[in-house]
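Quick notes on the structure that follows.
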Amino acid sequence: MGLLDFLFPERRNTAAVARDRLKIVLAHERASREAPDFLPALQKDLLDVVERYVEIRGDMLHVNVGHSGDTSMLEINVELDGATIKPIKNGAAAARRAPVPIAVPKPDPGSHPPWVKPG
Amino acid sequence: MPAKVIVLTSGKGGVGKTTSAAAVAAGLALRGNRTVVIDFDVGLRNLDLIMGCERRVVFDFINVINGDAKLNQALIKDRRNDNLFIFPTSQTRDKDALKRDGVERVLDEMRENFDYIICDSPAGIEHGAITALYFADVAIIVTNPEVSSVRDSDRIIGILASKSRRAENNMDPVEVHLLLTRYSPERVDKGEMLAIADVKEILSIPLLGVIPESESVLRASNTGTPVVFDDGSPAGQAYLDAVARLLGEEREMRFLKPERRSFFRSLFGRA
């Protein structure tokens, strides 16, 4: 087989390639075909809400319906990796302001909660 | 018993829908069933040519839908078989002339007088194709062993399950069958063509028949003779087998192995 492949490199099993490509593309297409019609609208609405608080791009929010057995599950994933939190004001009004980076609270050695003994 | 409505559909064009519709209709008629085959491809009429009755078309499907002609004025009786009728479509109108309620009325009128109504669908998933499959009880998905045809077949199977009359009215689903056409066992052996098992597994619908790529199909369309009338040809026999399975008979699949051409045959080059 190895020698044949070497001698006739373009003579591979293209039917197997066709089969594998079809399986993958049809799995995707069937999943999106069976999805409820409201998913794109729901995704857009969720994006609008999340955008008021966090800088986010459209491709960072995913809405899917998964099936296992006879239960369906609505799955919403929001990536926040590297996202910036916007100043919290009255919702949409704040969205027009420049975002500020996420404030990471620095540990203050002087203020321990009462149940933590200072080391 | 009122007629069964069978649609031949594929999504993709050029896979052999009209050839298969003509062959299945003629095959059913040869088995003694009163059969009519309707061309739904308004504006691109071809069934009349494949059936060899292009010079006998006076009135068409759209004339009958619009009430300009009676059904029995438009139906063309086949000269080879008394059970077979051809219902040509209009070559000048467009697909919008296929009004769903008009089509339903004409089909209902035919249901009483025929055993089988064969609908030859246009390609695509637009109005014409949807109207052709809408009233189907049975769908024959004509597929070539090739990626774009298999993908489009999958799409059409999805549409049958959601947009047909049976789906919309929560009736028993349309009975779906796979008809694999232009199959070349030689190329499958070389790993150049999707095998039957691959297509069956991907589409997961029962297999009605496998029609081998055959010179007899072009000869049949050249002369306007459904290929089942050339019963010595592999394609003709494969279609007759498929018709027998459609009628509930068990038939082993044939023509799945590369053909050994005898020295004599290769000399004279007839398949």
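Some notes on this structure:
- Residues of region B:129-147 that turn out to be at the interface with another protein chain (Cβ under 10 Å from one of its Cβ atoms) and of a type in the set (Ser, Thr, Tyr), as a count: 0
- Criterion (among the acidic types (Asp, Glu) and crowded, with 20+ Cβ neighbours inside 10 Å) met by exactly one of B:ASP154, B:ASP172, B:ASP189: B:ASP154
- Test result for B:SER153, in contact (Cβ under 8 Å) with a residue 24 or more places away in the chain, touching a Ser or Thr at 6+ places or on another chain (Cβ under 6 Å) and not aromatic (Phe, Trp, Tyr): yes
- Some residue of region B:97-107 being part of a loop (DSSP other than H, G, I, E, B), over 15 Å from the mean Cα position of the chain (by Cα) and either buried (at least 18 other Cβ atoms within 10 Å of the Cβ) or of a type outside the set (Asp, Glu) (or both): yes
- Flag if B:GLY232 is more than 26 Å from B:ALA129 (Cα to Cα), away from chain A (no Cβ under 14 Å) and either in contact with a strand residue (DSSP E or B) (Cβ under 8 Å, 6 or more places away or on another chain) or at pLDDT below 95 (or both): yes
- Conditions (1) within 14 Å of chain B (Cβ to nearest Cβ); (2) touching a residue at least 24 places away in the same chain (Cβ under 8 Å); number of the one not met by A:GLU29: (2)
- Any hit, region B:51-60, residues being at positive phi, in contact (Cβ under 8 Å) with a residue 40 or more places away in the chain and in contact with a helix residue (DSSP H, G or I) (Cβ under 9 Å, 6 or more places away or on another chain): yes
- The residue that is farthest from B:GLU215 (Cα to Cα), among those in region B:154-203 that are at the interface with another protein chain (Cβ under 10 Å from one of its Cβ atoms) and either hydroxyl-bearing (Ser, Thr, Tyr) or touching a Gly at 6+ places or on another chain (Cβ under 7 Å) (or both), is B:SER162.
- Among the residues examined, B:ASN144 qualifies as among the polar types (S, T, N, Q) and within 18 Å of the chain's Cα centre (by Cα).
- Hits in region B:43-96 (condition: more than 20 Å from B:PRO122 (Cα to Cα) and either β-branched (Val, Ile, Thr) or loosely packed, with under 13 Cβ neighbours inside 10 Å (or both)): B:ARG55, B:VAL58, B:GLY67, B:ASP68, B:LYS70, B:ASN72, B:GLN73, B:ILE76, B:ARG79, B:ASP82
The values are calculated or read from the model by the stated rules, or taken from the named source; none is laboratory data. What you see is a predicted model, and the numbers here were worked out from it, not measured in a lab. Here the Cβ is made from the backbone with ideal geometry for all residues, glycine too, and neighbour counts use every protein chain on show.
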